[in-house]
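For reference, the structure is listed below as structure tokens.
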Amino acid sequence: MQFLKESLIELITQTSSNLPPDVRAAMGMALNTETPGTQSSQALDIIASNIDMAVEDESPICQDTGMPTFIVHTPVGVDQIDLAKTIREAVAEATKRGKLRPNSVDSLTGKNSGNNLGDETPVIHFDQWRQDEIEVKLVLKGGGCENKNIQYSLPAELDHLGRVGRDLEGVRKCLLHAVWQAQGQGCAPGALGVCIGSDRAHGYMLAKLQLLRTLDDVNPIPELAELEARVMQEANTLGVGAMGFGGKTSLIGCKVTAANRLPASFFVSVAYECWAFRRLGVRLDANSGAITKWLYRDPSRALDKMARTSGFPLTGREVILTPPITEEQVRALKVGDVVLLNGEMYTGRDAVHAYLMKNPPPVDLNGAALYHCGPVMLKQGDQWVVKAAGPTTSIREEPYQADVIKRYGVRAVIGKGGMGPKTLAAMKDFGAVYLNGIGGAAQYYARTMKRVLGVHLLDFGIPEAMWHLEVNNFAAIVTMDAHGNSLHADVERETANVLATL
Ligand code: SF4
């Protein structure tokens, strides 16, 4: 199997950097139907540019390359132990080449292995089949959308929808609730993989496997085809929109399977996938390991560009901020303003925020812009280089953020999906804003990063370290201001009102 490792590295590289055609088509449709000039439309423009940039540079579409999950079919007689070993070697090598972010963290010590290898990572599922070739499918699903997976046990009482029972009508309401509860935190517009029935653990697995279906296929079971079509239509009346900014497209796919269940249980398991829906596959010669065919994509067909404009369409009304930012500058901003950040910023996510609760910061954060981001970084010679650097889900920092603003004078918090009432109150009391970046736009934002000025707390691992960056024209939208306004709270309330009518 002399070609196996390189074939697998190529599969990982393409999956990380090149969205499959069905997802590109669905995102193109979202782009064309959104009302021009809205925040959702601006977000979709950045997403489209980012998709093109990732292909050009063969770099990760989103910095969160997720839990690599391989679904493998082998002919009888293929040594699956050897194959698993080569998959692990390919994952480590792709990580070294900057195609995957080091994402494997020891759950007891918190230590990042640095190469995406560890207990149960990557995830590999094997099946045998009576065909001559090996098939390997790969899904890279990041943490932001993984955290929005949800499982319902029917009958249940759902927010804004009331009591739902053990039938397809109950399932329909669960699926609308699943889209609503994700808001922008799972980087909407998203897609649902769904399993009705089974047990809790296997139901989630079967739900994830539904993400292997293309977005344009039609369920062969008429009742499920009807359910999928209805959920697609109704979810797109909710108004969540791209990144939860409010808009026309909230869902790009809904794929449902049903499995037998125990008489006592009726689970509806939902795998929520973000717009950066990375899924590809290959057929491999079982003797040499060479790729004989790509699944989901045809490499001989030229890719059309996604972007209508180059990056973020500027209007000239953007507010330029150069840290250190003053309280006066922050209080002049209001929800909906577009900000271009120039100069210095720091990254900080879960580990940094927990650290700052007990320790002083390693740098002066007065007037600083603090970016919730776990980038992909490579060291080239003595210099660190940013390979991918989009925002991560901010709500995880809700327990800490108000204290960090109050104690250290941070003026701009940048992330995605918004934050809660405690942070909003601190922003009002101490003068700070929340700037929503476009989730998944890792290449777009990496290109705004001109230099890595330094790194602190690198012991936490590359994604969790505090990176000191110099940026130019880093675009984000004010979605929580220093006057107590939150676009996220507004969209959640308005979409809840629609949900209640469905
Ligand atoms: S696009 Fe958003 S939800 Fe998806 S992997 Fe990236 S950060 Fe996570």
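The values are calculated or read from the model by the stated rules, or taken from the named source; none is laboratory data. Since the structure is predicted, the reported quantities are computational estimates derived from the model, not experimental observations. Note: ideal-geometry Cβ built from the backbone for every residue, glycine included; neighbour counts use all protein chains shown. The accessibility values were calculated without ligands, DNA or RNA, using every heavy atom of the protein model including side chains. Shrake-Rupley method; radii C 1.70, N 1.55, O 1.52, S 1.80 Å.
Name the single residue, out of those in region 103-118 being free of Cβ contacts under 8 Å to residues at least 12 places away in the same chain and surrounded by fewer than 14 Cβ atoms within 10 Å (Cβ to Cβ), that is nearest to the chain's Cα centre (by Cα). Show your work before the answer.
Within region 103-118, the first condition is being free of Cβ contacts under 8 Å to residues at least 12 places away in the same chain, and the residues that meet it are 107-109, 113.
Subset that is surrounded by fewer than 14 Cβ atoms within 10 Å (Cβ to Cβ): 107-109.
Working: 107: 21, 108: 25, 109: 25 Å.
In this case the residue turns out to be 107.
Given the criteria surrounded by 19 or more Cβ atoms within 10 Å (Cβ to Cβ) and at pLDDT 95 or above, does residue 264 qualify?
Details: surrounded by 19 or more Cβ atoms within 10 Å (Cβ to Cβ): no; at pLDDT 95 or above: yes.
Answer is no for this residue.
Scan region 454-473 and report the pairs whose first residue is over 25 Å from residue 322 (Cβ atoms) and whose second residue is open to solvent by 40 Å² or more (accessible area, probe 1.4 Å) and in a helix (DSSP H, G or I), with Cβ atoms within less than 8 Å and a gap of 6+ or a chain change.
460/355; 464/350
Which one is least open to solvent (accessible area, probe 1.4 Å), of the residues in region 182-209 that are within 16 Å of the ligand (Cβ to nearest atom) and part of a helix (DSSP H, G or I)?
If we take residues in region 182-209 being within 16 Å of the ligand (Cβ to nearest atom) and part of a helix (DSSP H, G or I), then 182 is least open to solvent (accessible area, probe 1.4 Å).
Consider residue 437 carefully, then state whether it is out of contact with any helix residue (DSSP H, G or I) (no Cβ under 6 Å at 6 or more places or on another chain), touching a residue at least 40 places away in the same chain (Cβ under 8 Å), buried (at least 21 other Cβ atoms within 10 Å of the Cβ) and within 19 Å of residue 63 (Cα to Cα).
Values: out of contact with any helix residue (DSSP H, G or I) (no Cβ under 6 Å at 6 or more places or on another chain): yes; touching a residue at least 40 places away in the same chain (Cβ under 8 Å): yes; buried (at least 21 other Cβ atoms within 10 Å of the Cβ): yes; within 19 Å of residue 63 (Cα to Cα): yes.
Yes, satisfied.
Out of the residues in region 230-289 that are without any contact (Cβ under 8 Å) to a residue 24 or more places away in the chain and not polar (S, T, N, Q), which is nearest to residue 146 (Cα to Cα)?
Only one residue tops the list, namely 232.
Just a yes or no: is a residue in region 455-463 more than 27 Å from residue 242 (Cβ to Cβ) and assigned to a strand (DSSP E or B)? Step through it out loud before you land on a result.
Step one: of region 455-463, the residues more than 27 Å from residue 242 (Cβ to Cβ) are 455-462.
After this cut, where a residue has to be assigned to a strand (DSSP E or B) as well, the list is 455-456.
The answer is yes, given that some residue of region 455-463 is more than 27 Å from residue 242 (Cβ to Cβ) and assigned to a strand (DSSP E or B).
With (1) crowded, with 19+ Cβ neighbours inside 10 Å; (2) under 19 Å from the mean Cα position of the chain (by Cα) as the list, and residue 212 as the residue in question, which single condition is left unmet?
It fails just one condition, (1).
In region 392-453, which helices (runs of 4 or more DSSP H) lie fully inside it and hold 2 or more residues that are away from the ligand (no atom under 16 Å from the Cβ)?
Once the helices (runs of 4 or more DSSP H) in region 392-453 are filtered for at least 2 residues that are away from the ligand (no atom under 16 Å from the Cβ), what remains is 398-408, 421-430.
Among what's in region 138-149 and is outside any helix (DSSP H, G or I) and crowded, with 19+ Cβ neighbours inside 10 Å, pick the residue that is farthest from the ligand (Cβ to nearest atom).
Among them, the one singled out is 138.
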